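What follows is a single structure, written as C-alpha cells, with notes after it.
The values are calculated or read from the model by the stated rules, or taken from the named source; none is laboratory data. Because the structure is predicted, anything quoted here is derived from the model rather than measured. We place every Cβ from the backbone using ideal geometry, glycine too, and count neighbours over all the protein chains shown.
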C-alpha cells in the first residue's frame, strides 16, 4: 500500500464513521436501482459514466433511500469519486476496467485479498456496521504504517 492508497482508504474510513447504519448494506454494491432504477433516475441522481452522466453525492443517495457497501459509497464521495472510481450501469464499483473487489484493490493500491478482507460480506462474522468496516480499514492502514495520509 502506498501513500495515495492509504489516503484514499482513510478518507473512506472517515466517511464511514459518519454514515448511518440504515444506508449501509455490505451485501449490496450500491442500491442505486432502488432510487428508481438507472434508466428512470432523475438527472440529478445519475451516476458517473463514460458518457458523462452527473455523479451522485452521498446526500442524494441517502435522500432516495439507497444503501451501499463501503466500496459502493467510496464511488460517491469526494475526493474519491473524482479519481475514476465509479458505479457502472449494473451498480458495480468499477475502476480502470476492473469490477468489484479487483477494482477496489487497484484503486486503493492493496492486494485482492486485502480488498476482499475489507469489502466482502463473507469476511465478517455478522452484518457489520459502517463503523466496524472503518475500524478494519484503519487497522489495515496502521499495520502498513499509514496512520494518517492525504487522499
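Below is a table of values for the structure above.
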quantity: Segments classed as helices (runs of 4 or more DSSP H), wholly inside the range 32-151, with at least 3 members that are at pLDDT 85 or above; calculated: 70-74, 101-108, 112-119, 130-143
quantity: Selection status of residue 121, touching a strand residue (DSSP E or B) at 6+ places or on another chain (Cβ under 6 Å) and more than 17 Å from residue 83 (Cβ to Cβ); calculated: no
